[in-house]
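Data block below; observations after.
The values are calculated or read from the model by the stated rules, or taken from the named source; none is laboratory data. Computed from a predicted model, the values in this text were never measured in an experiment. Cβ: placed from backbone, ideal geometry, glycine included. Neighbour counts: every protein chain shown.
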Amino acid sequence: MKRKNDKAYKCKKCGRVTYPERVVCLKCGSREFTVLPFTNECTLLTFSQIFQLPWGINDRYLTIGVCQFDNGIKAMGRITIPEVKNGMRMKANWKLFRQIAGEDVWGWVFEPIK
Amino acid sequence: MRNVAIIGVGMTDFGRLEDDTLMDILSSASLHAIDDAGIDPKLIELVYVANMGGGILNHRTAIASGLVDNIGLIPAAADTIENGPASGGSAIKNGVMAVASGYYDFVLVVGGEKMRDVSGWRATDFVATLTHPDAEYIYGITLPGMAGMFANLYMEKYGYTRRHLAEVAIKNHKNALMNPYAHVQMDIAMKGILDSPDAAINNSPLAEPLHLFDSCPVSDGGAAIILCPEDRVKEFNKPVICVAGFGQATDTLTLAERDDPTDLKAVTLACEQAYKRAGITSKDIDFAELHDAFTILEIAEAEHAGLYKKGGYKKAIESGENKITGSLPINPSGGLKSRGHPVGATGVAQAVEVTWQLRGEAGERQVKNARTALTVNFGGFGNNVVALVLRRGK
């Protein structure tokens, strides 16, 4: 399955950042975008340590958060350790982190910068 | 446009309905509403069925077609409405428009869900399918997890503590003790869920900062209403309860993409539309049924609906004005927190509760002198919200 989570976009007309992919800019209605590369570092905006997990995940808990990359892209991802705080600087790693129905799934894994 | 009224309401018990299928639940709620109205079923021309999980959880699709067959409403028009946890509100909105426009006179709106056929693990996964498939769901996010991230920010920004959340839970559990239809019939106290060593066991973490007692249960259940033009209510010997206004608004699918993730814009917009259509302001609301799937949502929705300023619901919690005996009762039914949350049924159940209250039929949990009420049915994580204003007529 083609997952549309590996690229972020900037609207050619108004500059609004879009992630994940959509076909029309929410701000100005333009349909033209340029690819916006992710930066290596980001800031943790919020997170939760989640204990009751859905079918298909065998971990005792997961820490999942939302980070803002230094160029404005915001994305959800897994966090490597639970001892984090809002505002922490994080290293953003694009990783293979699970399988769903036998399919490899890649996504963001955030790691606190020491 | 015609004014639209509710002439019949009905509900099943909410909880674990082991012996009932989804169709049994929808049928039972519908027949309760038909009997309550005292309407000849042959008059019902249109049926809207609100359901989110029939296809995934119960291996059943085209549910509206099955319902009209089962309860003898053929050849009425019938449609299933799926809008996540706001399916019930959406179905009512469509029913109201059908009557207001003059196309139909008598419309049955029923919502139902059978969620306890599967394990909690599966039910959690089912609800999580409403998140973005490529940017949220893949990480193992759950709706409690979304609410946990939201609560983390909201509590920090507006100064709420876990004690405030616990007070909301305690209030709604007490209200549900007076609601015979409620799923959770259990009195709880601060000592048991927050203020003792046992609280760590009784009230284990769900999605930090939210704990078990901050969350609604997974429920089976159904609820139904019958709509008609206001000028035909006199044929049914029922009080006039009008749907005075509705509103619906959407927001980005992903929480991350919102400029301010603590701002539930769709709640504000939906409520503003509903107030405007009803010709009122938030100050005219006597009580509200809010979508407290998590305690933090009762707080945030009360504030985004304009009932309180941001951070102002603390005052209601601390003074008790949000209790049934207070000046602005919130969730007299027990809310999703304790009445339960069969997702497709919830928006309809809110309207049923408000109708009982406005008729003066709510028994021990009756809100005194209630004339105008608000419901907020919160779909996704605030990305599709339906608000209704119901008013007792003269």
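Do you know which of the residues in the stretch A:56-69 that are farther than 21 Å from B:THR262 by Cα and at pLDDT 95 or above is nearest to the other protein chains (Cβ to nearest Cβ)?
Selected residue: A:LEU62.
Considering only the stretch B:205-255, state which residues are modelled with pLDDT under 95 and in contact with a Cys (Cβ under 8 Å, 6 or more places away or on another chain).
Listed by number, the list is empty, since nothing qualifies.
Quick one: which residue in A:VAL24, A:VAL84, A:VAL105 is more than 8 Å from chain B (Cβ to nearest Cβ) and touching a residue at least 24 places away in the same chain (Cβ under 8 Å)?
Unique residue meeting the criteria: A:VAL84.
Suppose we filter B:GLU321, B:GLU303 for residues that are in a helix (DSSP H, G or I), surrounded by fewer than 24 Cβ atoms within 10 Å (Cβ to Cβ) and in contact with a helix residue (DSSP H, G or I) (Cβ under 8 Å, 6 or more places away or on another chain); which single one remains?
Just a single option satisfies the conditions, and that option is B:GLU303.
If A:ARG78 satisfies every condition in (1) of a type in the set (Lys, Arg); (2) outside any loop (DSSP other than H, G, I, E, B); (3) surrounded by fewer than 21 Cβ atoms within 10 Å (Cβ to Cβ) but one, which is the exception?
(3)
Considering B:ALA151, B:ALA135, which residue is small (Gly, Ala, Ser) and within 7 Å of another protein chain (Cβ to nearest Cβ)?
B:ALA135
Among the strands (runs of 3 or more DSSP E) confined wholly to the stretch A:1-60, which include 3 or more residues that are assigned by TED's automatic domain parsing to the domain that holds A:TRP108 and not β-branched (Val, Ile, Thr)?
Those strands (runs of 3 or more DSSP E) span A:41-50.
Return the residues of the stretch B:65-93 that are farther than 19 Å from B:LEU390 by Cβ, among the β-branched types (Val, Ile, Thr) and within 13 Å of the chain's Cα centre (by Cα); say none if nothing qualifies.
none
Which of the residues spanning the stretch B:272-290 are under 20 Å from the mean Cα position of the chain (by Cα), part of a helix (DSSP H, G or I) and either more than 21 Å from B:ALA100 (Cβ to Cβ) or among the aliphatic types (A, V, I, L, M) (or both)?
Result: B:ALA274, B:ALA278, B:SER282.
Among residues belonging to the stretch B:1-36 that are in a helix (DSSP H, G or I) and hydrophobic (A, V, I, L, M, F, W, C), point out the one that is farthest from B:PRO217 (Cα to Cα).
By that ranking, first place goes to B:ILE34.
Of all residues being in a helix (DSSP H, G or I) and free of Cβ contacts under 8 Å to residues at least 60 places away in the same chain in the stretch B:37-53, which is surrounded by the fewest Cβ atoms within 10 Å (Cβ to Cβ)? Just the residue, please.
Per the stated criteria, the residue is B:LYS42.
So which of B:ARG365, B:ARG359 ends up being over 18 Å from B:CYS228 (Cα atoms) and surrounded by fewer than 24 Cβ atoms within 10 Å (Cβ to Cβ)?
B:ARG365
When you look at B:THR129, is it of a type in the set (S, T, N, Q) and touching a Phe, Trp or Tyr at 6+ places or on another chain (Cβ under 7 Å), yes or no?
yes
Please indicate, with yes or no, whether at least one residue in the stretch B:199-212 is of a type in the set (A, V, I, L, M), more than 14 Å from chain A (Cβ to nearest Cβ) and either more than 30 Å from A:GLN68 (Cα to Cα) or not in a loop (DSSP other than H, G, I, E, B) (or both).
Yes, some residue in the stretch B:199-212 is of a type in the set (A, V, I, L, M), more than 14 Å from chain A (Cβ to nearest Cβ) and either more than 30 Å from A:GLN68 (Cα to Cα) or not in a loop (DSSP other than H, G, I, E, B) (or both).
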